[in-house]
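See below for the structure under consideration.
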Amino acid sequence: HYTMRVEAQPIQSSTNSILSLYFYLALAGPLPESNGELSIKGVSGKRKGGLEGEDVTILGSQPEGAGSIAVIVRDVNAKAPSVTGTKKTPDTTATHFSGMRVGGEGWNAKKLIQSVLQRSMSEQIEAIQTQKAKSKKKSDDEAIPVIPVLSNEIAKQSDFVVVQRVLTLPFTIDFVFVPRNGAKFDKSAVENLSKTALSSKIKTAETTFENQFASVFDHRTYSREDRLAAQAAFSNLIGGIGYFWGDSLEKTGDQKHPVVVPETQLLSAVPSRPFFPRGFLWDEGFHQIILQQWSPDLTMEILDSWLSKIAPNGWIAREQILGEEARSKVPEQFQAQNRLYANPPTLFLPLLRLCERVSRGGEDASRIRTFLETQLPRLRKWYGWYNTTQTSIAPHLYRWRGRDADHTLTSGLDDYPRAARPNDHEIHVDLSSWMAVASDAMAKILTTVGQSSEAQLWSTESANIRKAILETFWNPDMNCFQDRCGTPPPDAFDVIVQANGQEKRIPVQFPKSGFVEHRGYLNLFPLIAGVIDPQSIQLKHTLDLIENPNHLWSPAGIRSMSRSDPLFGSGENYWRGPVWINVNFLVLSALKN
């Protein structure tokens, strides 16, 4: 039993807005006819004019014994507009609907609904034109509204049903989901989960949430405005958690045609519901740093889901693009995930926090310890994949694969500048730092579960990486850590787009120093990884870089690139100046430690 409440308010109180609200249900997958059906109670075939009355009930039978449901659409505070026009102008007080068999294409609801509305729109426009052609009244020259509505018809064995309400703002509508047995369902549960009863439960839930939020995040020293912003951001993070299922596309290296990998599942938060509604590997580590404070059990469930995606060779796809719906949001050239391409192993960050929870004791310590021990085989395999595929020419140091002249998407820092042209001799300070974090985390996890002998081996691995970082990436001329640029490929050239839009091609010139001479987030990764000795001159120079307003410091936080860099704010300007909260968090954490 659960309810979804939809409330709508006009952006401007003076606006007298009319809108259509569409609510749809779909059965997933290309199901055979015996495996499920959606219908509307009391409707068979076509119903002229739509449905009258307050409640509309959608009935669903799910496949393979998954049970049957009823979804009751209930007005809480809703008013339909009064509209006059032609004989084809629809009754706006009715609930309109359509049901069709779409063979698992219900995810493409917008296209399906628009195809039905287009017919209604065409009929109304034709009727308006006919009426105006016949009438000689001046009043008939006034605009007649066109309000497209659904077909009010249910096909047999529909696996996609949508209902439409035409409403004036503001309005409130409840959608109540309850199980059913045959045609019967618990009507008392519907009353208990809607209207006034639901308003009371929402108020109680809000109070519970606010109390738990205050307890978990201890925001007493912050202003009310900041607390509300934090609650909204956290609520959006939780609201973005979803269950994803479907097939995916994979390839290896320069393989021309990707292979289709059978359906798998994932429980994950998402970076952005409207723009990136899918799991991203490096984003998820940051999500779970926050979520484990709220619910370590939910974090463990999500981490288990992600780590279950490890391939036999230890690879995890950096984007989890599962099914046609997910692929519809991704340009075709980015849909296939490459088995040689990595992403920052940020899942180790929440795993480290879980270790800290165990060290503090508490009722969840035993569950967390068991979880960590269970995940160790997967984590060893995952780390081993980096050591097999992402190593560089230098011992104990690493290089991102899959980049081009303008982007290193695998790093998460998409357009942050690297060597002028990709080459096999590059060495990347951020990936090397991530591997120091990962080896430290392995040592910490093993210590937490009582496997101290193996933990020591991982501590030695970490020490080797840290020593190599300090010896390799410090540029004494610019007093910061930087990538090593390697050597330019033969006949390489840069393309620089001038301000007037003209392209000028100039030869690549790699710095004689051997470093990629930019100031920005990359310089900070040894600090983030805890590699820098607190007493060293390297720390002083790094802090000077951070607090210098001509370089990284800004009123909003640390910039991703120095404002004095020639590339500052150029191109896509994604990681070439904007302030990113996740890296600011990592820097603050490192300074605190």
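Give the residues of region 152-163 that are part of a loop (DSSP other than H, G, I, E, B), surrounded by fewer than 20 Cβ atoms within 10 Å (Cβ to Cβ) and at negative phi, sorted by residue number. Of everything in region 152-163, those that are part of a loop (DSSP other than H, G, I, E, B), surrounded by fewer than 20 Cβ atoms within 10 Å (Cβ to Cβ) and at negative phi turn out to be 155, 156.
Checking the conditions here, which among 274, 312, 262 is over 23 Å from residue 384 (Cα atoms), assigned to a loop (DSSP other than H, G, I, E, B) and not charged (D, E, K, R)?
Only one candidate passes the filter, namely 274.
Taking the criterion of being among the aliphatic types (A, V, I, L, M), part of a helix (DSSP H, G or I), buried (at least 22 other Cβ atoms within 10 Å of the Cβ) and in contact with a helix residue (DSSP H, G or I) (Cβ under 9 Å, 6 or more places away or on another chain), would at least one residue in region 390-409 satisfy it? No, region 390-409 has no match at all. For region 372-383, what are the residues that are open to solvent by 20 Å² or more (accessible area, probe 1.4 Å) and either within 25 Å of the chain's Cα centre (by Cα) or of a type in the set (D, E, K, R) (or both)? Answer for region 372-383, where residues must be open to solvent by 20 Å² or more (accessible area, probe 1.4 Å) and either within 25 Å of the chain's Cα centre (by Cα) or of a type in the set (D, E, K, R) (or both): 373, 378, 380, 381. Within region 210-228, being open to solvent by 60 Å² or more (accessible area, probe 1.4 Å) and assigned to a helix (DSSP H, G or I) holds for 210, 211, 212, 215, 224, 225, 226, 227, 228. Name the residue that is most open to solvent (accessible area, probe 1.4 Å), counting only residues in region 61-77 that are modelled with pLDDT of 90 or more and not hydrophobic (A, V, I, L, M, F, W, C). Going through the qualifying residues, I end up with 77.
Taken together, 343, 338 contain a single residue that is surrounded by fewer than 22 Cβ atoms within 10 Å (Cβ to Cβ), under 23 Å from residue 382 (Cα atoms) and not charged (D, E, K, R), which is 338. Taken over region 310-332, the criterion of being open to solvent by 70 Å² or more (accessible area, probe 1.4 Å) and closer than 19 Å to residue 377 by Cβ is satisfied by 312, 313. Which members of region 295-309 meet the condition of being crowded, with 18+ Cβ neighbours inside 10 Å and not charged (D, E, K, R)? Within region 295-309, 296, 299, 300, 302, 303, 305, 306, 307 qualify. Of all the listed residues (522, 543), the sole one being surrounded by 17 or more Cβ atoms within 10 Å (Cβ to Cβ) and on the phi < 0 side of the Ramachandran plot is 522. Report, by residue number, each residue of region 581-593 that is within 15 Å of residue 413 (Cα to Cα) and either assigned to a strand (DSSP E or B) or open to solvent by less than 60 Å² (accessible area, probe 1.4 Å) (or both). Across region 581-593, the qualifying residues are 582, 583, 584, 586. When you look at residue 43, is it in a loop (DSSP other than H, G, I, E, B) and closer than 30 Å to residue 182 by Cα, yes or no? So residue 43 fits the description; yes. Against the conditions (1) modelled with pLDDT of 95 or more; (2) under 30 Å from residue 565 (Cα atoms); (3) surrounded by 22 or more Cβ atoms within 10 Å (Cβ to Cβ), residue 419 satisfies every one except (1).
For (1) closer than 20 Å to residue 298 by Cα; (2) within 14 Å of the chain's Cα centre (by Cα); (3) assigned to a helix (DSSP H, G or I); (4) at pLDDT 95 or above, each residue gets a yes or a no:
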residue: 208; (1), (2), (3), (4): yes, no, yes, yes
residue: 246; (1), (2), (3), (4): no, no, no, no
residue: 250; (1), (2), (3), (4): no, no, no, yes
residue: 256; (1), (2), (3), (4): no, no, no, no
residue: 267; (1), (2), (3), (4): yes, yes, no, yes
residue: 270; (1), (2), (3), (4): yes, yes, no, yes
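The values are calculated or read from the model by the stated rules, or taken from the named source; none is laboratory data. Remember, predicted model here, so these are calculated numbers, not experimental data. All Cβ positions, even for glycine, are placed from backbone atoms using ideal geometry, and neighbour counts span all protein chains on display. Just so you know, the surface numbers come from the protein's heavy atoms only, side chains and all, with ligands and any DNA or RNA stripped out. Shrake-Rupley method; radii C 1.70, N 1.55, O 1.52, S 1.80 Å.
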